[in-house]
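The values are calculated or read from the model by the stated rules, or taken from the named source; none is laboratory data. Here the structure is a predicted model, which is why all the values come from computation and not from measurement. Please note: Cβ atoms are built from the backbone with ideal geometry, for glycine as well, and neighbour counts cover all protein chains shown.
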Amino acid sequence: MARARSALARKLRDALEQRGYQEVETPIAVPFAGQEPHLRPFETTFTPDLPVPPGGVAGARRLHLHTSPEYAMKRLLAREGFPRCYQFARVFRDGEISPTHNPEFTLLELYAAPGSADSIMADLEQILFAGAAEAPARKGHGRRASPVSLRPPFERITCRDAFARYAGFDPVPLDAEAFTQAARACGVRPAAGASWDDVFTQVLMEKVEPALGIERPTYLVEYPASQAALARLKPSDARVAERFELYAAGLELANGFSELCDSREQRRRLVEEQEQRRGLGREVFPLDEKFLAALDRIGEAGGVAVGFDRLLMLLTGAETIAEVLLFPAAEEYAAARDRS
């Protein structure tokens, strides 16, 4: 698995650089955590040696291990000389352990300015095809007996059409109560008082995701606006955003969009997410002003985050993320518990 991991990274780097992307590195320990309502970052502290040298920072600083390098990479887009950049980033999300989640994992993130969701999707399918022509049949999410072809072009389907096809209704015109009733009618059981977005996520996971990308990868496009805080809205229909996710054999591999490059609108959305975090009883973090200031200098851009470990799962036929990691968290934590 270590050899497969190295070989895949090498092929993806070659394909990215052939398309003009430059590899970069950004900080892992950052002063401002992201505002995503359902993510919990790990916290650490920087304590400077004393006495503080000239130009040094006095006093301890609270930092967080980034859940994504997105903010920093968009700041690079705003600088001259970084129109297309990518990074294999180690990222950290507290509490996430499941057959497809590990609290420390690898994201391949790439951004282009100018760019859009459409141009990034076109680049991504060529880059993944350079990594492998097909993936073996999966007995997990997809439950198909045949391989998945990675030959472009990939399938594209809107969220509204996918919900209509696999859940039997279009969620966009519905309010929270009607959405809950429609979900129950198709066999999904939302919790009492679940929000519109919570019901969306539950129906997506139970009814839509398992059916996507069975014969070839599928881009699920045009997410509802409330599901895309960092994405540009579709000019012809502000109810949906230019966001996409990539699925293969029912496994989510990537999340990307046409970037929102309007600092005022981005600030408003981040404040909304702060309120959502507060309502969920989660800590509310300060806004990253350097990130916001950079947005207006970018113009148009597109980007995507690819779960490198999940991609390796797909290409090796692994059924769990633990199979593609040399030190899966569940095993490490269990060993530490047994020793204590």
Would you confirm whether any residue within segment 281-292 is in the same structural domain as M121 (by TED's automatic domain parsing) and within 21 Å of K207 (Cβ to Cβ)?
no
Might you check whether a residue that is at pLDDT 95 or above and within 26 Å of E323 (Cα to Cα) occurs anywhere in segment 155-178?
no
Inspect all residues belonging to segment 282-303 and state whether any of them is crowded, with 20+ Cβ neighbours inside 10 Å, under 13 Å from the mean Cα position of the chain (by Cα) and of a type outside the set (S, T, Y).
yes
Counting only residues that are aliphatic (A, V, I, L, M) and not in a loop (DSSP other than H, G, I, E, B), which one in segment 180-204 is surrounded by the fewest Cβ atoms within 10 Å (Cβ to Cβ)?
A185
Hey, can you tell me all the residues within segment 75-106 that are closer than 16 Å to R40 by Cα and small (G, A, S)?
G95, S98
Could you list, in sequence order, all residues of segment 248-266 that are under 19 Å from G303 (Cα atoms) and outside any strand (DSSP E or B)?
L260, C261, D262, S263, E265, Q266
Close pairs (7 angstrom Cβ cut-off, 6 or more residues apart or separate chains): touching a residue at least 12 places away in the same chain (Cβ under 8 Å) and assigned by TED's automatic domain parsing to the domain that holds N255 in segment 55-75, surrounded by fewer than 19 Cβ atoms within 10 Å (Cβ to Cβ) and among the small types (G, A, S) anywhere
L63/A29; L65/A29
Could you give every pair whose Cβ atoms fall below 6 Å, whose first residue belongs to segment 308-337 and is touching a residue at least 40 places away in the same chain (Cβ under 8 Å), and whose second residue is small (G, A, S), counting only separations of at least 6 or pairs across chains?
L314/A135; L314/A248; L315/A132; L315/A135; T316/A4; E319/G140; V324/A318; P328/A322
For the subset of segment 305-340 comprising residues that are modelled with pLDDT of 95 or more and among the acidic types (D, E), which member is surrounded by the most Cβ atoms within 10 Å (Cβ to Cβ)?
D309
Looking at segment 217-239, I want the residues that are in the same structural domain as P136 (by TED's automatic domain parsing) and part of a loop (DSSP other than H, G, I, E, B) and have a partner that is buried (at least 20 other Cβ atoms within 10 Å of the Cβ) and polar (S, T, N, Q) with Cβ atoms under 7 Å, at least 6 apart or on another chain. Which pairs are those?
R232/S258
Would a scan of segment 117-126 turn up a residue that is closer than 21 Å to R13 by Cα, assigned to a loop (DSSP other than H, G, I, E, B), of a type in the set (G, A, S) and at pLDDT 95 or above?
no
Counted residues, segment 96-113 - those being in contact (Cβ under 8 Å) with a residue 40 or more places away in the chain and either under 19 Å from I127 (Cα atoms) or touching a strand residue (DSSP E or B) at 6+ places or on another chain (Cβ under 9 Å) (or both):
12
